[in-house]
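The values are calculated or read from the model by the stated rules, or taken from the named source; none is laboratory data. Not measured: the values here are computed from a predicted model. Note that we place each Cβ from the backbone using ideal geometry, even for glycine, and neighbour counts take in every protein chain shown. For the accessible areas, the whole protein counts, side chains as well, though only heavy atoms, and no ligand, DNA or RNA atoms are used. Shrake-Rupley method; radii C 1.70, N 1.55, O 1.52, S 1.80 Å.
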Amino acid sequence: MKHTLKISGMHCTSCALGIEKSAANLGKGFSAKVNFASETALIEAPDMEGIEKIINIINQSGYKTEIIDGHSGAHEHSGNLDSMKKELIITLALSAPLLLSMLPMIGIQIPGFLMNHYLHLILTTIIVIINKGFYVRGYNSVVKAKTASMDTLVALGTGAAYFFSIINIIIGQLNELYFETAGLLLLFISIGEYLEALAKRKAGNAIKKLMELSPKEALIIKNKIEIKVNIKDLVKGDIIIVKPGQKIPVDGIVTKGVSSVDESMITGESMPVDKTIGSEVIGGTINAAGTFYFKALKLGNETLLNQIIKMVGEAQASKAPIQKLADKISSIFVPAVIIIAVISAIIWLIAGESIYFSLKIFITILVISCPCALGLATPTAIMVGTGKGAEHGILIKDASALEKIRDAKIIVFDKTGTLTKNKIKVNEIKYYNGGLISEILVIAASLENKSEHPIAKAILRKADEEKILIKEVDDFKNFEGRGIRGKIKEKECMIGNASLMKLHNINTKILEKDLKIMQMKGDTAIIIACNKKAIGLIGLSDEIKDDAESAIKALKKKNYEIYMITGDNLKSAKSVADKIGIANVLAEILPKEKANIIKELQKLGGVIMVGDGVNDAVALTQADIGIAIGSGTDVAMEAGQIVLVKSKVGDVVKALKLSNFTLEKIKQNLFWAFIYNILGIPLAAGVLYPFFGILITPIRAALAMSLSSVSVVVNSLLTNYKKL
């Protein structure tokens, strides 16, 4: 049993790792995969009781949880931000006198009451109470989760300053009070966290924008009356009315009326798409012209829009392999920092410095060593990258795809529907039995009426234009990758390629000349035979996509080896390949053979497979990266790790660019996070003090820590300004 949780209150990747560890400690079958940046977790347990156990442990550790399976509030949580903002404003107001009390250090005089240590004690105590979450979570992470987190560092650092100051008031040592240090540390850490939360919310705005596409209500016809209902109350089969300017609430099929629909937000098609009876409509798109009625076929999570939202959400929650390094370091980082802080304080005591000096070193190391930047480095870059991709119709379903792409050397394209528009038309019909052309069309259309192949649809369209009456077919059989066979009024007929004819020992000599001419023109030639005799030939062609040639050219410039794979004959395949600049053509390939070819190519390097049909699904799965064309089948989209909603070949180039941008940001973030800690900890430990008298104060350490986290998120957000 699996559920998705929203978790509020995590402050670093150590918090996330502590939750994962606590869940795993419950035993076999219990797990939690936590994404710190998106504040979500996918939890798994044998039953609902187990799910509740995991939730209770997380709540007891000081975090707030909410099951968000499939509901839109998952990605905004403005309530949590409002709460943070209120606490920050109060903390800021209470911290103002503490901040002013530091002005005499730079020669600015202030009223004497602002220096009163009892005032500082009261103000700091209230600040500590308001920000008690740090102490609760810090305690729970050590005692209950058996790990240490950023909260542990903050609690130890500010707690040491606060309680040491109280002890000094009791013993009369009023020259060494650190109330302002404790109070201002909590202020700056809270400011950093609020800015970080704002930035993280902006990083996750892509999902929010997608959710806003879907209307909340629909107008349905019930008992011949128009009724407005909540979209959640719709049932399959409801007849929905959509008026000009309104959004289409769910996916369905037009039953009455004519209109044009703006589908740009889903498919990227700039021009409105004409809709008539029988046309499919997509939820979230906008009716641009007339009023029409449609039958609801897909609701809730079944709609294309919700599938896209789900894919983006899962991608943002997934972890790239490079994140394992950050997770591993974070798991040992906090305990290591505490040990370094204790050892450094002891060394300075031994060196002859005062206990107050050593305490300052201890606090500074704890505060400056926050692992937030390290924890945010990978997930924020992934959130922004996948969000930008979604806005451009590029759905990255799994973060691991971002890394695998960089190792790819070969790109394999399916032909029909991927490089071509899949708008096949009948160009020519030949009959070799002395009869009318319409007789061939009757046989072809009757057989193809039971097929879903694009060629079948083209033949049926032609039959409809010619007003051909389709006949009943018995004993229908499909020969995968070759064609079909069936009986029409006791006459055994078949339609397919030369391979099908050869399989049934049918002599095709009568049509070979015309066959070669059609293939030379780049047409796909389909043979019709009845009672073991070839009687006809149909030539069809498919238009090449407008951006196919420029996309292939761009990919070749990036030194990718390009292949085209198809079940079509070699001459037709070569005709298409030559027009768009692909030299490596693999033709007459059966669907089951595609995956084996991908396997062979993988011996030469990483392989990206781009396809759209059911027959591409296995190859998409076999490839190192499967890129599915959005206009293709659900099976292909499920198999691909990346889905191109707009179905443009050029989006393959954009997907590769986006992956490189995102991976570049991850590396930059990790570099700066590591550098920050590598330089920050020694400076906080006072390594420069004996030589230059330079010592970082705890307050400056808090500022540096906050800025490091925010800078990582801001750097990730810069991906939004990259041009794809």
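Tabulated values for the structure
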item: Amide proton proximity set for Val261, modelled H, under 5 Å, gap of 5+; result: Val273, Asp274, Lys275, Ala288
item: Solvent-accessible area per residue, Å², over the chain with all protein chains present [probe radius 1.4 Å]; result: 45 Å²
item: Protection-proxy order for peptides 28-36, 647-655, 460-468, 107-115, each taking the mean of Cβ atoms within 10 Å per residue, highest first; result: 647-655, 28-36, 460-468, 107-115
item: Accessible-area composition of the chain, carbon plus sulfur, in percent [1.4 Å probe]; result: 57 percent
item: Beta bridges per DSSP with both ends in the chain, % antiparallel, nearest 5; result: 80 percent
item: Whole-percent pair-distance distribution, where bins are 10 Å wide, for the alpha carbons of segment 432-558; result: 12, 41, 30, 11, 6, 1
item: Answer label, with Cα extents along the principal axes in Å calculated from the coordinates and candidates (i) 118, 64, 49; (ii) 84, 65, 57; (iii) 69, 63, 51; result: (i)
item: Nearest-0.05 FRET efficiency for Lys556 and Ile346, computed from C-beta distance (R0 60 Å); result: 0.45
item: Pairs beyond 32 Å (Cα-Cα), from Lys397/Lys421; Lys28/Lys132; Lys64/Lys648; Lys298/Lys487; Lys85/Lys216; result: Lys28/Lys132; Lys64/Lys648; Lys298/Lys487
item: Residues of type lysines that Lys256 reaches as a straight line, Cα spacing below 16 Å, ignoring anything fewer than 8 places off in the same chain; result: Lys222, Lys224, Lys243, Lys275, Lys295
item: By accessible area with a 1.4 Å probe, ligands and nucleic acids excluded, highest first: order of Ile231, Ile405; result: Ile231, Ile405
item: Residues of type lysines that Lys502 reaches as a straight line, Cα spacing below 16 Å, ignoring anything fewer than 8 places off in the same chain; result: Lys532, Lys533
item: Proximal aspartates and glutamates relative to Lys491, as straight alpha-carbon distance under 15 Å, when same-chain residues fewer than 8 apart are discounted; result: Glu439, Glu472, Asp474, Asp475
item: Helix 548-557 vs. the chain, principal-axis angle (Cα, 0 to 90°, nearest 10); result: 50 degrees
item: Cβ crowding within 10 Å averaged over residues, with 46-55, 603-612 ranked highest first; result: 603-612, 46-55
item: Burial order of peptide ranges 410-417, 381-388, 584-591, 219-226 (average beta-carbon count within 10 Å, highest first); result: 381-388, 410-417, 584-591, 219-226
item: 30 Å Cα-Cα threshold exceeded, pairs from Lys489/Lys592; Lys574/Lys603; Lys415/Lys558; Lys236/Lys594; result: Lys489/Lys592; Lys236/Lys594
